[in-house]
Amino acid sequence: MKAQSLQFKRNASDALHDENLKLAMSFAKTGFIGKRAAAVAAVPQWQTIRDEARELKNHVLDNLDHYLLAYEEAVIRNGGTVHWAQDGEEAAKIIVDLCTQANAKTVAKGKSMVGEEASINEALEEAGIEPIETDLGEYIIQLAKEPPSHIIAPAVHKTKEQVSELFHEHHQQYGRQEKITDRAALVHEARVILREKFRHADVGITGANFLVAETGQHVLVTNEGNGDLSSILPRTQIVIAGIEKVVPNLNDASCLLRMLARSATGQHFSNYTSVMGGPKKAEDTDGPDAFHVVLVDNHRTDMLAGDLKEMLRCFRCGACMNHCPVYGAVGGHAYGWVYPGPMGSVLTPVMVGIEKAPDLPHACTLNGRCAEVCPMSIPLPSLLRRHRQTTFEKQLQSAHSRYGLKVWAFFAKRPIVYRTLTGLSVRFLKLIGGRRGYLKRLPLAGGWTKGRNLPVPQHAQTFMALYRKQQS
Amino acid sequence: MSSRDAILNRVSSALNREEGKVQLADRPASVTQRLQSPEIHTQPELPTTQIETLIKNMETVEMSVVRLQSEADVVNAVDWYLEEHGIDGELSVSPSLAHLAWTKKVHSGPATGTEATSVTSCFAAIAETGSIALKSGADTPATLNFLPENHLVVLKESQVVDHLEAVWDSMRAQSSQPRAINLVTGPSRTGDIEQTIELGAHGPRRMHVMLVAGE
Amino acid sequence: MPNEILVSPDSLTQYKASVTLVSFGGIILSAPRVGLFVTCLVDLYRPNVGFAAIKLLEQSGCEVIVPEAQTCCGQPAFNSGDRASTQIIAQQVIETFESFDYVVLPSGSCAGMLHAHYAELFAVDSDWRKRAEAFSHRCYELNAFLVDVMHFQPETIQFKRKVTYHDACSGLRELGIEAQPRQLLDSVNGISLVEMDEKEVCCGFGGTFCVKYPDISDRMVGDKAAMVVQTGADVLLGGDMGCLLNISGKLSRSGKTVRVYHVAEVLAGQIEDAGIGSADGSGSEPAIDDIDSLPERKESNT
Ligand code: SF4
């Protein structure tokens, strides 16, 4: 998908006025946060497991080349094929080629964020192949022709009424004239329609939560079971995954699995955790005939080389965005690309170029709650600050804020001049707003005073001036 | 240069490898160790006994559990369950259970997609998570785990393990590996509409475990 | 381990700072010399907090000095990615304050800056790095210092109010300040503390954030103000001026009468006026009643 992150500010302010979004996000807030907290509290060893997970991922990253080679060797041993894509475009091309070779007309897709990075759907459509998203959330937004707004719950921004409208509009072609509004009935209708699609899909494409170097298998976690159906029913199975997804062995995957569902949805374990690899065996009566893995770099090696390496520990649980107040206010679409929320504000500037997303690292209060809940102990605020440094060095911030910063820094570095300036400021503010104690408007502070008052200083003198007076 | 080599080169240079791109043969001992003798990380303690924990965890995720004296009771238990829930329609069983004295007409083999119910064996259950572990194969086709609306599983008490790792260990001990191991933890569900859970998204709407005593 | 010598004596002599062993096992041995860094927002907006801090520190047994050369801790530059300016300011702060036994700030976010971020500004193994490390360990947020280092209990203070407390995010997450202000408030007579829902959620201030993204910030502070009001408390307390200015501005704009004070003002018994963002009644300056007469962007704002 094309990055719209340059319009962050405008997107965000539109989002703030969207009442449906506000309602939808309120469901998410109550759902995710409380459930996660309870699930984590139920595991007394949580912090130990978390520390081990960090160590484990650090070890993998320090030996990433070795583990990728080991994984590749094992996939080949299982009868599969490994493809390597340097970026999203190449990944999409590989996938379109594989689908074309398989004479595919339709493709069943399980949710894959790397797939979104690579804009696979667009590429398939261009090649005349119909991609069908099978995760209910992805299916909803595919009908709405929207990108996902959350990495775990792609349609989190939609209300039930909006889903009902969408189904009514798109399902009439299957003879379903009646508009349904009941949640269970909506889920059932999607099941029936998608089941037909599954049966006719020629290729199944899914992501992977982990790639296991020990066995050449991948671990795929879903709640709906759509990932498994996409993997078993079509003749050809394609897995697309970032190169950082590799783990040494199944025990290591277990360590991460213990944190994944709890962090993502507050479940102690997801419904379907499948360990798969290779085409069906000679004796098997079901399963795919061909198995392919597409390993995608797309700037992951840049992160590995630089000071954002820790971001590669991310296993896409979504906890950071669930706990992010900015995300909660503006929703996922405002971020303008595949990954929203704190992790997105770190990843997007790397993957699409910081020139195209200069706002993202700044649109954060650095309150640190994301890092607090991140099961992979990724210091998200520090990583955002690193991006900020880049935007400063490349002069990507608005002239207005750069100038403001320069003026401020000039004074902050010179205590005596600073004293004079602060003395004048308080006097001025006190003068214009003293009687009420606050200002309803102030030139240059229009943003602040649009929705709230600006308190005026307590006295017409600074603390330092009063203190000096008191001392003498 | 192929993309494979380009990526591996970039990884190696990001990691400041002196020798440039690594080969399989360069694998350091720490990596070999982890590939060949996986360690066990910290595991959550089971709050109560293995079977109690298992049943509690299964019930949390809407799996129902009955306990049976012997495998001979399975057919009755299946009949009873179907009747109790008013379930008609085709019944498919995994070939591993074809030998039972079924009272109804059953199809044995991979799912046809039209059956209402499947009855399968499994090869383990994990107390820690409340999961059933199923492996793909001619005797236990994986489609039976996903396509029918109702999935009934025969589990032997001796198959229950404490933690995930025990499942992997028992796989490692076998000579040939299945294409897939499915850990199933409750009926299929989705929270994609307003974060409210609905069962039966794509896979089974009901899951029922028949826990058979003894070996 | 606040009761122990926090920096090794070697590094101290090396950097001319002299730290005395001031307390041992909870017993204060000698009056520690404390450098008070009032922070820029207290300096500008709320001198009372500075005086309250001095009073509390003295009551707890410290000798308090307020160095003239202080300005700001450098957060605006740090959080804007201007590393060079941040370094210069950090060096200035270190030079100004490193001769004290402790540096105390009535702000979790500024204390967090000194404590958690100064060292990372300088190259590993550089002299400034070592100096910053030795310095950082002696920097404390006021509440944390009073409780953890001085084992202080406020003198008999009366405050018969229902209050709620806002934990500033940096204090909470960088320094773990949560129990200390509550422990101190516990010894205030007549006070009743009601915790608000979602108390660990950010108020939307975020320093430069509220200027760069005022709309988002406004939504966040709106949610926060609603939580404050929901408690039914008539006073909001907190340990960070930034958050307090923000929330008080939102409360007063929405016509709420909740009064807002820095926690130090209450603990020191220095409740002098109607609170942050309210008229103090004591100002002698004439006030222009309506700033709306000043030229500004045309937008309805009430
Ligand atoms: S950054 Fe952490 S919390 Fe956010 S998605 Fe990644 S692993 Fe989860």
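Each value in this text was obtained by applying a stated rule to the coordinates, not by laboratory testing. All values reported here derive from a predicted model rather than from experimental measurement. Quick reminder, even Gly has a Cβ in these numbers, built from the backbone with ideal geometry, and neighbours come from all protein chains shown.
Computed values, structure above
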{"read-out": "Percent of C-alpha pairs per 20 Å bin, the protein assembly as shown, short to long", "value": "13, 40, 31, 14, 1, 0"}
{"read-out": "Other-chain or far-sequence residues with amide H under 5 Å of residue C:139's (modelled H)", "value": "C:103"}
{"read-out": "Value of relative contact order over chain A, rounded to a whole percent, pairs C-alpha under 8 Å and six or more apart", "value": "20"}
{"read-out": "Rule-of-thumb Rg ratio for the stretch B:105-215 [Cα; 2.2 N^0.38 Å; N residues]", "value": "1.10"}
{"read-out": "Residue C:199 versus residue C:95: modelled label distance in nm, points set 7 Å from Cα along the beta carbon direction", "value": "4.2"}
{"read-out": "Inverse of mean 1/r across different Cα pairs in chain B, Kirkwood, Å", "value": "19.6"}
{"read-out": "Paired Rg and Dmax values of the stretch C:157-290, which use every Cα atom, in angstrom", "value": "14.8, 43"}
{"read-out": "Rounded, prolate or oblate (a/c below 1.5 giving rounded, otherwise prolate when a/b exceeds b/c) for the stretch C:18-171 by Cα gyration tensor", "value": "oblate"}
{"read-out": "For residue A:224, distant residues with modelled amide H under 5 Å away", "value": "B:189"}
{"read-out": "With Cα atoms, 0 to 90° folded angle of helix A:160-171 axis to chain A main axis", "value": "40"}
{"read-out": "Over the stretch B:1-57: Rg over Rh, Cα atoms, Kirkwood Rh", "value": "1.35"}
{"read-out": "Over the stretch C:45-92, equivalent-ellipsoid semi-axes from the Cα gyration tensor in Å", "value": "28, 12, 9"}
{"read-out": "Cα-centred dipole magnitude for the protein assembly as shown, charges only on beta-carbon of K, R (+1) and D, E (-1), debye, nearest 20", "value": "3040"}
{"read-out": "Relative intensity, log₁₀ I(q)/I(0), of the stretch A:305-387 from a Debye sum that treats every alpha carbon as a point, q = 0.12, 0.15 Å⁻¹", "value": "-0.27, -0.44"}
{"read-out": "Sparsely packed trypsin sites (Lys or Arg not before Pro) within the stretch B:41-126, loop by DSSP, other Cβ within 10 Å at most 14", "value": "B:104, B:105"}
{"read-out": "Rg(Cα)/(2.2 N^0.38 Å) for the stretch A:423-472, N = residue count", "value": "1.29"}
{"read-out": "Taking N as its residue count, the alpha carbon Rg of the stretch A:233-338 over 2.2 N^0.38 Å", "value": "1.34"}
{"read-out": "Diffusion coefficient, µm² s⁻¹, Stokes-Einstein with Kirkwood Rh over alpha-carbon pairs of the stretch A:91-159 at 4 °C and 1.567 mPa s", "value": "106"}
{"read-out": "Within chain A: Cβ-based charge dipole about Cα centre, in debye rounded to nearest 20 (Lys, Arg +1; Asp, Glu -1)", "value": "3900"}
{"read-out": "Translational diffusion of chain A, µm² s⁻¹ [Kirkwood Rh, Cα pairs; Stokes-Einstein; 10 °C; 1.306 mPa s]", "value": "65"}
{"read-out": "Rg in Å to one decimal, and Dmax rounded to a whole Å, for the stretch A:24-157 via C-alpha atoms", "value": "19.1, 52"}
{"read-out": "Kirkwood hydrodynamic radius of the stretch B:156-215, Cα pairs, Å", "value": "14.4"}
